[in-house]
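See structure below.
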Amino acid sequence: MTVRIDYILCNGCRGRAEGCCEEICPGYLFYRENGKAVMREPSDCWDCFACVKACPRAALSVELPFQISEVKHRLIARIKNNRINWQLLDSNGLTLVKYSIQNRNEKSKNSNNE
Amino acid sequence: MPFKKDRHIETDILIIGGGTAGCMAAIIAGQRAPHLDVTVIEKANIMRSGCLAMGLNAVNAYLVDSNPENYLEYVKRDNYDVLRSDLVLSIGKRLNSMTQMLVKLGVPVPKDREDRFLARSPRSILMHGEQIKPLLAEAVISQGVHVYNRTPAYRLLFDRTGKRVSGVAAFDLRSMEFMTIKAKAVLITTGGASGIYRPSNPGLARTKTWYCPYNAGSGLAMGIRAGAEMTSFEMRFAALRTKDVIAPTGTLVLGTGMSQCNARNEKYIKKKEEMLGRPLTTCERLLFTIDEHKKGTGPCYVDVSSLDKKQYNDLVESYLNMAPSIIIDLLKDPDHPRTHIEICGSEPYINGGHGMAGFWIDKNRRTTLDGLYAAGDVAGGSPKKYITGCFAEAEMAVEDIIKTFCEIPEPEVPQKSVTLAMGEIFSPLYSDGDITFTEVEERLQKIMEEYAGGSTQNYETSRDKLVLARKYLLRLFYRAGDMKAAEPYELMRVQDTMDRILLGRVLVEHMLARCETRWPCYQTRLDFPMRNDLEFLAFINSKMEQDKIRVLKRNLQPPYTYMPIEGINNDSTN
Ligand SMILES: Cc1cc2nc3c(=O)[nH]c(=O)nc-3n(C[C@H](O)[C@H](O)[C@H](O)COP(=O)(O)OP(=O)(O)OC[C@H]3O[C@@H](n4cnc5c(N)ncnc54)[C@H](O)[C@@H]3O)c2cc1C
Ligand code: SF4
Ligand code: SF4
């Protein structure tokens, strides 16, 4: 796996012309089928986290492919109020570590919620 | 799925590729020439496209306690004297003002108590650049620039004389419309190229490359097809990176005081520097790492065991701002974070932002094609420009466009060339060929890896191997016309693959022409293992003429006159 899609959380960005993941991925790797996100070709993913950061339902996370790591931890990111919050989860979904980093100047015109 | 219909747009300034340089060009054009119509066409989505998609953690080119002349001296030494001093110097003069632009955009660039940026080295400062791309993109949009996302461009369009670039042909990945954009001035900012050599990782991990895997070098290929002069393709860029995840190592070494060691814990880089009495060049760091492997003292590591808890946290945060997935590996056991981080050389890329390969340009960033400008990783001659250098080039190009704008004729593109471009771009949809882009891409990568000095060959090659590469690539080039595409995504991949093959061919011709070893690893000829200043303190350039790649040699000093080349047999068609 590279990007993991949690199909319980993903609602296909119902009501949007495009899924947020589909809209943002620099490799154009997502499309939607039966109301859920599908990845065209997981082996073409760069692990850039753009989709993870954009998903409004926190349905996406990144795992290292088995070819380079046997560890099944995954990393997730949420953006809010000029900060990005990272969480490393173990294979049971338990939080191992958390980081919160300022990602925009306070003064910046648009505070973000990607 | 055949294409639906076509759509024609006209604009004053067209920017192809809304990445680092492209976004900055659009912002500056919007600010300084509000009366002009500016259009960006982008293969992905400018909110998160190109090299900056993940974010960045440093401004790699900022003059802390330095000046433009020192910057030039440093780049020159690191590049063994072959570079365009005029271009590098012009970039050096703008690096710091471009950093201020970033701060104004809202990117957090931390400062110390004395209001100075936090330096990692004399030429590099820290940045919390996770949002750098969305911030750039928002600024572009707020300037009223027209942005077309998911619109990869593949062919330049010319005016009636066939000499002046007057637009570009592209298609919309979502609607499958064929698009032509006519413009008075065209700036190309599509970045460098990855995916030409075999990736370091297999299977599902094959795209864990350092350089953005979606930058296929289509801008370079467009230029080559149209007869633009290219420079220094033989100087590939390969990076010393963390193993497997291929994350940058500067984060580990710069500013932390940490150093590289071999499997016996010997500080091989420090030792070499003491022995030589000077700092190593960037390519030597890679070379001596490979040497450790050859001596049996590999693998090599960055030893971060002496970082205290706070410093280690800073390190993790830095990576989260730029190459987040390495954290999964570093904190595999969060109670005992990894202290020895293995490093290796990446696959080689074509790139004018770290390396020097790209369009041959003048001081105003004009290419050799009338009406076409280039900036950023797609522009050659000035290595180590990084983001701020890309911004600087964008600014220079836009300044020249605005200054000369009233002299530019109205663009007109004859229908014949539009039809031709459409045919070339859409033909894979109608092909009844029998091969997939994946097959072709893997074949290309195998040829390049094994005959043109890939990482598993320690980046080394020689004449006879290159001659074979030339032969196989040409065969592949013709056979690749049988690639088939059933839908828009596949069509993009087929076109990217065609472009990569062309770049591979040009690269091989350049490597054949430089009969010396100037930049170990970036360009190593086992049959000419030494530098040859007598003959090769010069640029190797090339131009496509009647489907053949013609290699040229240019003097190192202005006005860069052409020099005779002996012993270079040009692209043969066997
Ligand atoms: C992983 C990584 C980390 C880096 N870290 C740093 C750092 O910390 N500090 C630093 O100063 N520099 C860093 N650099 C270097 C710096 O990011 C690059 O030099 C710079 O971003 C290149 O800018 P560019 O505009 O030329 O290319 P890009 O920003 O990649 O933009 C190219 C754009 O063109 C688009 N495009 C491509 N083909 C087409 C087409 N056919 N049609 C339309 N659009 C197209 C792409 O989608 C993309 O948006 C890093 C680079 C990488 C890859
Ligand atoms: S962004 Fe999230 S919720 Fe929306 S389609 Fe993608 S995975 Fe599903
Ligand atoms: S991590 Fe990046 S490349 Fe991979 S699927 Fe998400 S957006 Fe696309």
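Remarks
- ³J(HN,Hα) computed for each position of region B:300-316 - Karplus, 6.51 cos²θ - 1.76 cosθ + 1.60, integer Hz, glycine/proline x: 10, 9, 9, 8, 10, 5, 8, 6, 7, 4, 5, 5, 5, 4, 4, 4, 4
- Put simply, when B:401-412, B:258-269 are sorted by average Cβ atoms within 10 angstrom per residue, most first, you get B:258-269, B:401-412.
- Estimated FRET transfer efficiency when R0 is 22 angstrom, pair B:Asp434-A:Tyr31 (beta carbons, to 0.05): 0.30
- Near-label residues of region A:60-86 by backbone N, under 15 Å of a point 7 Å along Cα→Cβ of A:Glu106: A:81-83
- Kirkwood Rh in Å, taken over all unlike Cα pairs in the protein assembly as shown: 25.3
- Judged by the gyration tensor of its Cα atoms, with axes a ≥ b ≥ c, region B:1-66 is oblate; a/c meets the 1.5 cut and b/c is at least as large as a/b.
- When the convex hull of its Cα atoms is viewed from all sides, chain B shows a mean projected area of 25.5 nm².
- For region B:353-405 and region A:1-30, distance of Cα centres in Å: 36
- Centroid-to-centroid separation of region B:310-343 and region B:31-87 [C-alpha atoms, Å]: 27
- The mean number of Cβ atoms from other chains found within 10 Å of a Cβ in peptide B:100-111 is 3, as a whole number.
- Once both labels are positioned 7 Å from their Cα atoms along Cα-to-Cβ, the gap between B:Lys93 and B:His340 label points is 5.0 nm.
- Computed from the C-beta positions of B:Arg7 and B:Ile408, the FRET efficiency with R₀ = 25 Å rounds to 0.60.
- Helix-only CD estimate at 222 nm, as mean residue ellipticity for chain B, using -39500 (n - 2.57) per DSSP H run (n ≥ 4): -11000 deg cm²/dmol
- Taking a ≥ b ≥ c as the square roots of the eigenvalues of the Cα gyration tensor, an a/c ratio of 1.5 or more together with a/b no larger than b/c marks region A:2-113 as oblate.
- Spatial separation of Cα centroids for region A:54-104 and region B:207-251, in angstrom: 28
- Candidate lysines - alpha carbon under 18 Å from B:Lys446, same-chain residues fewer than 8 apart omitted: B:Lys208, B:Lys465, B:Lys471
- Across chain B, C-alpha contacts under 8 Å between residues 6 or more apart give a mean separation that, scaled by the residue count, equals a relative contact order of 19 percent.
- Legend: distances between Cα atoms for B:Lys243/B:Lys295; A:Lys98/B:Lys43; B:Lys270/B:Lys332; B:Lys5/B:Lys543; pairs beyond 27 Å are A:Lys98/B:Lys43; B:Lys270/B:Lys332; B:Lys5/B:Lys543.
- Hydrodynamic estimate: the Kirkwood radius of region B:240-345 over Cα pairs, inserted into Stokes-Einstein at 37 °C and 0.692 mPa s, corresponds to D of 232 µm²/s.
- The H on the amide N of B:Lys553, modeled in the peptide plane, is under 5 Å from the matching H of B:Asn541, B:Met563, each at least 5 residues off or on a different chain.
- Estimated FRET transfer efficiency (B:Thr297, B:Met275; beta-carbon r; R0 22 Å; 0.05): 0.90
- For peptides B:338-344, B:47-53, sequence by mean Cβ density within 10 Å, most packed first: B:47-53, B:338-344
- Once exposed loop trypsin sites (Lys or Arg not before Pro) are cut out (DSSP; at most 11 other Cβ, 10 Å), longest piece of chain A: A:15-106
- Segment B:Asp308-B:Leu534, length gained on full extension (0.36 nm per residue, minus Cα span): 76.3 nm
Every number in this text was worked out from the coordinates using simple rules, so none of it is lab data. The shown structure was predicted, so the numbers you read here are calculated from the model rather than taken from an experiment. Backbone-built Cβ (ideal geometry, glycine too); neighbour counts: all protein chains shown.
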